[in-house]
Amino acid sequence: MTRPPFLFEVPPGADQVACKGCGAPVYWILTKKQKKMPVDCHAGAGCQTPTTERPGFGVSHFATCPQAAQFRSPRPSSGAA
C-alpha cells in the first residue's frame, strides 16, 4: 500500500526557477527547521501552483527529480572498522 505524498505549502508570489539537475520548474521554500527545499507544484494530485494572491502546494522535488542523487551530501562514515 502506498501512502499519498506529503504536500508542502508554497507562499503566494513565490518565484519559479528551473531545477539545475533536470530543468523542471520548482519553488524554493523554507521548512519548519529553516532548511531550504525545492518543491514541485506540477507533480500530480493535490499539487497547485501558487499565484500572487494564494499559496500553492507541492511535493518535495527531491522525491520527483531523476537527478536528485547528485545533490545529496555524502553521509559521514561511522569510523568503526
### Query
Within the stretch 7-37, how many residues are within 15 Å of Phe62 (Cα to Cα), touching a strand residue (DSSP E or B) at 6+ places or on another chain (Cβ under 7 Å) and outside any strand (DSSP E or B)?
4
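To keep it simple, each residue is scored yes or no on (1) at pLDDT 90 or above; (2) under 13 Å from the mean Cα position of the chain (by Cα); (3) assigned to a helix (DSSP H, G or I); (4) polar (S, T, N, Q).
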residue: Val39; (1), (2), (3), (4): yes, yes, no, no
residue: Ala43; (1), (2), (3), (4): no, yes, no, no
residue: Ala63; (1), (2), (3), (4): no, yes, yes, no
residue: Pro76; (1), (2), (3), (4): no, no, no, no
residue: Ala80; (1), (2), (3), (4): no, no, no, no
### Message
Out of the residues in the stretch 45-58 meeting the condition of being assigned to a strand (DSSP E or B) and touching a Gly at 6+ places or on another chain (Cβ under 8 Å), tell me which one is farthest from Glu9 (Cα to Cα).
### Response
Gln48
### Task
Being surrounded by fewer than 17 Cβ atoms within 10 Å (Cβ to Cβ) and either modelled with pLDDT of 85 or more or part of a strand (DSSP E or B) (or both) is the filter here, so list the residues in the stretch 65-74 that pass it.
Pro66, Gln67
### Task
Pull up the stretch 1-18, narrow it to residues that are under 14 Å from the mean Cα position of the chain (by Cα) and among the charged types (D, E, K, R), then point me to the one that is surrounded by the most Cβ atoms within 10 Å (Cβ to Cβ).
Glu9
### Query
Quick one: what pairs do we get from the stretch 51-68, first residue in contact (Cβ under 8 Å) with a residue 60 or more places away in the chain, second in a loop (DSSP other than H, G, I, E, B), C-beta under 6 Å, 6+ apart or different chains?
none
### Task
Quick one: in the stretch 19-37, of everything that is surrounded by fewer than 12 Cβ atoms within 10 Å (Cβ to Cβ) and within 12 Å of the chain's Cα centre (by Cα), which residue is nearest to Pro66 (Cα to Cα)?
Lys36
### Query
So how many residues does the stretch 27-36 have that are of a type outside the set (Ser, Thr, Tyr) and within 16 Å of Pro12 (Cα to Cα)?
3
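The values are calculated or read from the model by the stated rules, or taken from the named source; none is laboratory data. Since this is a predicted model, take the numbers as computed values, not measurements. With ideal geometry, Cβ positions are generated from the backbone for all residues, glycine too; neighbour counts draw on all protein chains shown.
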